[in-house]
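Structure first, then comments.
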Amino acid sequence: MKCEIVQEQMMDGVTGTLGARRMAESYAHLRQCTSCRERWEALQRVESLLGHAQLCAPAPGFSVRLQKRLAHRRSTRWSPLAIFFIAFSTLLVTGLVFLPSNGIFQWVWYQAQDPRSLAWLQDVLDQLVITGRVMTHLAGTVMFMLFRHGWWLPILGYGLLAGLIIAAWMGLYSLTKVRRAVMHRA
Amino acid sequence: MIDRERVWVEEALAGNEESFIQLADAYASPVYNLAYRMLGNAAEAEDAAQETFIRVYTRLHTYDRSRKFSSWLLSIASHHCIDRLRRRRDNAVSLDELPPWNEPACEGEAPVQKVIRREREETIRRLLDQLPPHYRLVMVLRYWYDLSYEEMAEVTGSTVSAIKSRLHRARLHMAELLTEERKRSDQWRPVMGKAQPVAMGR
């Protein structure tokens, strides 16, 4: 019998799942081959060492400590609703700070000055891109936080965010229209 | 046990923390032992076991009732321990910096038996520490929990063939380590034998 075959069968032999005939064949090989015998003996030593291994228990009072830790975790954990409101208001405030600096007011003023100019279209696209970038970065960060607290919060958050953006643009659009009408009349 | 376990799980899902604590009490030893064998020290094992139960508590609603609760629990514990070992490796914490290994206590044990057990535990710890985490995990699941290949595959999230080969390699690795240790101790024995009379003569 070859060494490779015997070594393959050793695991079953050590755990006692090898058939009697194969076991006898392996033993015959082990009597002649020193390296296989050494490996077999080493595996048996591992088996006997770990075969007597005991399950160890934690120090007494494990469940009491766990209960305290659970209570502490609960008290320090923020409620999902609080996280949502803080995140959303941060988003809103940041949006309000960012939008004017990105030229929304300048754009409205420009529209009021020269409503016939076609350059406003370029400005609208620029604004959309800039606002989109800012909102995506913020929303990404916020949603990452919210996803840890269930699926409904991100969906609600995204819905509200989309609503806010649409409302902001509709507001700006109507403001420009009113301004244009005033200018036209004037 | 399984019926009681189901009741505890259902009650814990309904918000009864007492039932969850009972469940944790029933599984404290298996989870702690797994953490202890994987991480190699009592303080970290206690922390890992508690963290495992907290994760179980927060994810209990995701537990698939067609699975064995113990397998699901051990799966969370083993993933947590492997994460810790990975972090430890990333932070390059030396084994000397860790608190000492506390061997399991057995009450009413004779002093000789205690010494033998302590030596055995120390050898096991040394050998397990030298195994890569994935080998260590299969060895622990096989020898302390007596899990079948299928159960080990479920706990570790691997295939049965992967588990078989991992266990095979882990045993061989451990056998080699044990042989090396024996050779080393055989080398030292005569030197220590010679040193003794000199020390006695003083």
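Within region B:144-163, not a single residue is within 10 Å of chain A (Cβ to nearest Cβ) and assigned to a helix (DSSP H, G or I).
Quick check: is even one residue across region B:1-8 within 14 Å of chain A (Cβ to nearest Cβ), touching a residue at least 24 places away in the same chain (Cβ under 8 Å) and touching a Leu at 6+ places or on another chain (Cβ under 9 Å)? No. For region B:125-143, the tally of residues that are part of a helix (DSSP H, G or I) and more than 10 Å from chain A (Cβ to nearest Cβ) stands at 11.
Condition test on A:ARG73, is it basic (Lys, Arg), farther than 30 Å from B:ALA43 by Cβ and part of a helix (DSSP H, G or I)? Spell out how you get there, then give the answer.
On the way: basic (Lys, Arg): yes; farther than 30 Å from B:ALA43 by Cβ: no; part of a helix (DSSP H, G or I): yes.
Here the answer is no, as A:ARG73 does not meet what is asked.
Restricted to region B:1-55, and to residues that are under 11 Å from the mean Cα position of the chain (by Cα) and not in a helix (DSSP H, G or I), which residue is surrounded by the fewest Cβ atoms within 10 Å (Cβ to Cβ)? Checked region B:1-55; the qualifying residue surrounded by the fewest Cβ atoms within 10 Å (Cβ to Cβ) is B:ASN41. B:PRO100 satisfies every condition listed in (1) assigned to a loop (DSSP other than H, G, I, E, B); (2) farther than 27 Å from A:VAL14 by Cα; (3) at pLDDT 65 or above except (3).
Here is the figure for region B:138-160: residues that are of a type outside the set (Gly, Ala, Ser) and more than 16 Å from B:MET174 (Cβ to Cβ) total 12.
The values are calculated or read from the model by the stated rules, or taken from the named source; none is laboratory data. Bear in mind that the values here come from a model prediction, so they are computed numbers and not experimental data. Every residue, glycine as well, gets a Cβ built from its backbone with ideal geometry; the counts of neighbours run over all protein chains shown.
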